[in-house]
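Participant: Take a look at the following structure, please.
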Amino acid sequence: MHDIEAMGGRVSHATFDDRLGARDRPYSSGVWRFKELVYPDLPEAYIVTRPEGNTNLYEIPRLAAWAGLERLHLKHEGENPTGSFKDRGMTGGVSQARRLGMERVACASTGNTSAALAAYAALAGMGALVFFQKGQVALGKLAQSIAYGATCVQIDGDFDTAMRLVQAVCAEFGVYLLNSLNPFRLEGQKSIIFEVMQQLHWQPPDWIVVPGGNLGNSSAFGKALLELYRLGLISRVPRVTVIQAAGANPLFLGYRDGFKARPTVTAQTLATAIKIGAPVNYAKAVRALRWTGGVVEQVSDQEIMDAKAQIDAAGVGCEPASASVLAGGAQACQHGRDRPRRACRGHPHRARPEGPDRHPRLPHRPDSEPQGHLRQPAAHRRARP
Ligand SMILES: Cc1ncc(COP(=O)(O)O)c(C=O)c1O
């Protein structure tokens with residue numbers, strides 16, 4: 001979308017660190033603080049921001065111990081203005097809609113996208129249209145969308161049907177589509193990674209674990225990590241690890257099969273935010289996994305709810321989809337450690353200027369493999385069948 005290579009030398013840690021704590025827009029936003037890496041040539045007048053981002057990173061040893069990890073940080077994206085990371089994407093997408101002079105925006109949603117779309121559209125003075133799967137959306141999320149003034153349409157069909165429908169409506173009536181197919185949304189969501197790296201003083205962890213539904217974040221995370229690496233802002237690339245619910249696991253099935261085919265499933269899980277059987281960002285997520293030597297894992301609804309109970313009891317709290325990372329993270333990292341990746345090597349400043357899919361895949365160096373932050377699985381995991 002923009003030429004990250006041309007950015008080389010123009011941004012540094014100081015560029016972004018100097019903006020921390022900014023009171024004024026756009027840099028008070030955890031998305032627009034990284035404007036050069038999100039949407040460099042967008043004139044500031046078009047930016048629609050609450051502001052969003054600046055969410056906390058929690059390190060809670062008892063959660064790490066429960067999962068069987070040495071160290072664990074949880075990025076609480078529920079601290080965004082409408083309650084999810086979708087705000088980071090919407091500030092990008094709705095700003096672009098404003099730049100294009102669009103009057104109406106739309107999405108299909110499992111809930112959080114609609115709340116964010118409705119809020120940002122209202123802020124920008126645009127009409128909002130949302131397609132939901134009937135009876136499958138948390139009431140609070142639906143209430144938010146209605147309160148912000150979105151037109152909400154419930155359909156008899158699954159999320160994937162709603163997705164097809166909204167695409168057809170947008171094409172027919174000139175409405176701007178703001179599902180994570182939209183690249184400006186993914187550019188905004190990259191800021192989760194930028195912010196995490198900044199919070200960790202630009203020292204990357206071994207693994208980044210993310211829930212996988214429509215796979216927008218999985219894709220955005222891979223792109224963000226590669227860009228940071230190529231700009232020399234991080235010295236190595238963490239492995240992106242995607243956790244799916246066992247009843248909504250097309251990426252897991254593809255991964256297990258070496259990505260020979262592109263499976264779809266009829267999704268069934270109580271983690272409604274990731275209840276998606278035909279993710280629109282499948283191909284981009286596969287690319288992110290390949291770039292970073294990533295891993296995919298699946299977890300049952302029972303495991304998700306057990307993990308959620310732990311996160312809630314720690315005083316942090318989250319919805320089921322988010323708890324999947326605690327449920328499957330340790331298992332996925334262990335599995336990944338058993339399948340070492342080919343490591344990225346070489347001086348990041350001298351990364352070659354070709355496209356990211358030609359990122360150098362160099363021979364495995366055992367000493368560059370992430371070995372830390374893992375120990376034997378915790379007792380509760382061993383007890384499972
Ligand atoms: C809380 C939460 N987690 C995970 C997801 C899935 O994210 P993605 O579609 O980027 O895979 C969503 C999407 O709605 C969500 O709201």
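Participant: Of the conditions (1) part of a helix (DSSP H, G or I); (2) under 19 Å from Gly222 (Cβ atoms); (3) at pLDDT 95 or above; (4) not charged (D, E, K, R), Thr241 satisfies every one except a single condition; which number is it?
Facilitator: (1)
Participant: Hey, another quick one. Taking the options Pro51, Pro40, name whichever one is crowded, with 19+ Cβ neighbours inside 10 Å and at pLDDT 95 or above.
Facilitator: After applying the criteria, what remains is Pro51.
Participant: Conditions: (1) in contact with a Gly (Cβ under 6 Å, 6 or more places away or on another chain); (2) not in a loop (DSSP other than H, G, I, E, B); (3) not small (Gly, Ala, Ser). Arg62 meets all but one. Number of the miss?
Facilitator: Single failed check for Arg62: (1).
Participant: Also, quick follow-up: Tell me, which residue of segment 232-279 that is crowded, with 20+ Cβ neighbours inside 10 Å and of a type in the set (S, T, N, Q) is nearest to Glu195 (Cα to Cα)?
Facilitator: For segment 232-279, the residue satisfying everything is Thr241.
Participant: Something else now. Is there any pair linking a residue in segment 270-286 that is more than 9 Å from the ligand (Cβ to nearest atom) to one that is modelled with pLDDT under 95 and in a helix (DSSP H, G or I), with Cβ under 6 Å and at least six apart or on different chains, and which?
Facilitator: Here the result reads Gly277/Asp160; Ala278/Asp160, each pair linking segment 270-286 to a residue that is modelled with pLDDT under 95 and in a helix (DSSP H, G or I).
Participant: Hey, another quick one. Any idea which of (1) in the same structural domain as Gly212 (by TED's automatic domain parsing); (2) under 22 Å from the mean Cα position of the chain (by Cα); (3) of a type outside the set (Ser, Thr, Tyr) is the one Ala45 doesn't satisfy?
Facilitator: Unmet condition: (2).
Participant: Mind listing just one residue for me: the one in segment 280-304 that is of a type in the set (Lys, Arg) and under 16 Å from the mean Cα position of the chain (by Cα) and, of those, surrounded by the fewest Cβ atoms within 10 Å (Cβ to Cβ)? Don't jump to the end; show me each part of the working.
Facilitator: So the first thing to find is which residues in segment 280-304 are of a type in the set (Lys, Arg), and the list is 284, 287, 290.
Still in the list and also under 16 Å from the mean Cα position of the chain (by Cα): 284, 287.
Working: Lys284: 21, Arg287: 19.
Top of the filtered list is Arg287.
Participant: Among the residues of segment 102-135, write down those that are in contact with a strand residue (DSSP E or B) (Cβ under 9 Å, 6 or more places away or on another chain) and among the polar types (S, T, N, Q).
Facilitator: Once the filter is applied, which keeps residues that are in contact with a strand residue (DSSP E or B) (Cβ under 9 Å, 6 or more places away or on another chain) and among the polar types (S, T, N, Q), segment 102-135 yields Ser109, Thr110, Thr113, Ser114, Gln133.
Participant: Among the residues of segment 174-208, write down those that are at pLDDT 95 or above, among the polar types (S, T, N, Q), more than 20 Å from Ser29 (Cα to Cα) and within 17 Å of the chain's Cα centre (by Cα).
Facilitator: Asn182 - this is the single residue of segment 174-208 that is at pLDDT 95 or above, among the polar types (S, T, N, Q), more than 20 Å from Ser29 (Cα to Cα) and within 17 Å of the chain's Cα centre (by Cα).
Participant: Sort out which residues of segment 122-142 are more than 22 Å from the chain's Cα centre (by Cα) and modelled with pLDDT of 95 or more, and write them in order of number.
Facilitator: Scanning segment 122-142 gives Ala122, Leu123, Ala124, Gly125, Met126, Gly127, Ala128, Leu129.
Participant: Looking at the structure I just gave you, is Thr266 more than 16 Å from the ligand (Cβ to nearest atom) and either on the phi > 0 side of the Ramachandran plot or in contact (Cβ under 8 Å) with a residue 12 or more places away in the chain (or both)?
Facilitator: Answer is yes for this residue.
Participant: Can you pull out every residue in segment 73-107 that is over 23 Å from Ile276 (Cβ atoms), in the same structural domain as Phe131 (by TED's automatic domain parsing) and assigned to a strand (DSSP E or B)?
Facilitator: Residue satisfying the conditions is Arg104 alone.
Participant: Output the residues belonging to segment 135-190 that are in contact (Cβ under 8 Å) with a residue 12 or more places away in the chain, acidic (Asp, Glu) and more than 25 Å from Ala267 (Cα to Cα).
Facilitator: The answer is Glu187, and nothing else.
Participant: If I filter segment 174-231 down to residues being away from the ligand (no atom under 16 Å from the Cβ) and aromatic (Phe, Trp, Tyr), which single residue comes out as surrounded by the fewest Cβ atoms within 10 Å (Cβ to Cβ)?
Facilitator: Trp202
The values are calculated or read from the model by the stated rules, or taken from the named source; none is laboratory data. Note that this is a predicted model, so its numbers are computed, not measured. All Cβ positions, even for glycine, are placed from backbone atoms using ideal geometry, and neighbour counts span all protein chains on display.
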